[in-house]
1. How big is the gap, in Å, between the Cα center of the stretch 98-112 and the Cα center of the stretch 26-87?
2. Starting with the highest mean, order 229-235, 266-272, 180-186, 153-159 by the number of other Cβ atoms within 10 Å, averaged over the residues of each peptide.
3. Between residue 282 and residue 190, what is the spin-label point distance in nm, taking each point 7 Å from the Cα along the Cα→C-beta axis?
4. Counting only helical runs of four or more DSSP H residues, what would the 222 nm mean residue ellipticity of the chain come to if each run contributes -39,500 (n - 2.57) and the total is spread over all its residues?
5. Need the full-extension length gain, residue 260 to residue 123, defined as separation in residues times 0.36 nm minus the C-alpha distance. One decimal, nm.
6. Filter the trypsin sites (Lys or Arg not before Pro) in the stretch 221-300 down to the DSSP loop ones having no more than 16 other Cβ atoms within 10 Å, then list what survives.
7. If you fit an axis through the alpha-carbon atoms of helix 195-217 and take the longest principal axis of the Cα set of the chain, what angle between them do you get, 0 to 90°, nearest 10?
Amino acid sequence: MKNNLRLFIAAAVLLSAVSCCGTDKPHTEHVILIGLDGMSGTYFDRSELPTISALMDEGCWTLEKRSVFKTSSAINWASMFMGAGTELTGYTNWGSEVPELPSRVVNEHGIFPTINSELKAQRPESVIGAVYEWNTIHCLIDSVAVDYYEHADETVPTDITDKAISYIKEKKPTLFTIIYDHPDCEGHGDGWDTESYHRELRFLDGEVARILQAVKDAGIWENTTIIVTSDHGGIEKGHGGITPPEYETPFVIAGKGIRRGGEFTESMMQYDVAATIAALFRLQQPQVWVGRPMVQCFDF
Ligand SMILES: [Zn+2]
């Protein structure tokens, strides 16, 4: 009887160890986060964006993800990476490089916890990168937590993609953030929903195709989750206000861990992007975050 009891306890310990390791396994091995600054949900025309449209067919999407207010760049990139709104992150201006009001919580790097810092802290083996055309992005990602970050030459339209492709092929990153700036530039120039705005998006759809090909060439396609989204939209030649073309943004997610769910109707906020990525990597979300993972998109 005693021996049976010992055997039972040993089996129970073994089983709990197996289930513990099993549950710790992330739901994806790689996330590529592609941001197109200023891409509005209202003016989104999937018929002119074949690459992004194919991702929509393969995964889940909404055109009604809401930006936090004000509907400006640094505020919303911060929110996307930091899992919380302006009131907690403290980034309140379009070009904030540091928070204007104290971040409610800071990590050991002195910055509000980002998806990059949480991934590095909880899965130190992760390879994390970021490349962007607008230099302020590096102030918002927790650059201390990432292995690579680079400001691409935005006067050369393909430079950021070229840099991204090299990094994907060489490093097979766990989390890689690629932020294009130009839809916003066209919006401020000729206006949102103009021919030049749409021409820019058509060009960037081709650049997204190049990135997806690089993921395939790197041999990690089957284990990668792709996200395409933006910080805010715009109206006429500006943004920052409270109209739907400014605050409604696309969110497209497809690949590893994502079901073919099509359009979802659940509400989504900017800060839910960080929470969704954290859930894919099975990270514990910091208490200060308010983001919700978009569980309706998951196939686990
Ligand atoms: Zn922006």
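Please treat every number below as a calculation from the coordinates, not as lab data. Please read these numbers as outputs of a predicted model, since none were measured by experiment. Note that each Cβ is placed from the backbone with ideal geometry, even for glycine, and that neighbours are counted across all protein chains shown.
1. The two parts, judged by their Cα centres, are 24 Å apart.
2. Taking the mean over residues of other Cβ atoms within 10 Å, the ranking is 229-235, 180-186, 266-272, 153-159.
3. Label-label distance for residue 282 and residue 190, simple model: 4.9 nm.
4. It comes out at -11000 deg cm²/dmol, rounded to the nearest 500.
5. 46.5 nm
6. Those satisfying the criteria are 237, 259, 260, 282.
7. 30
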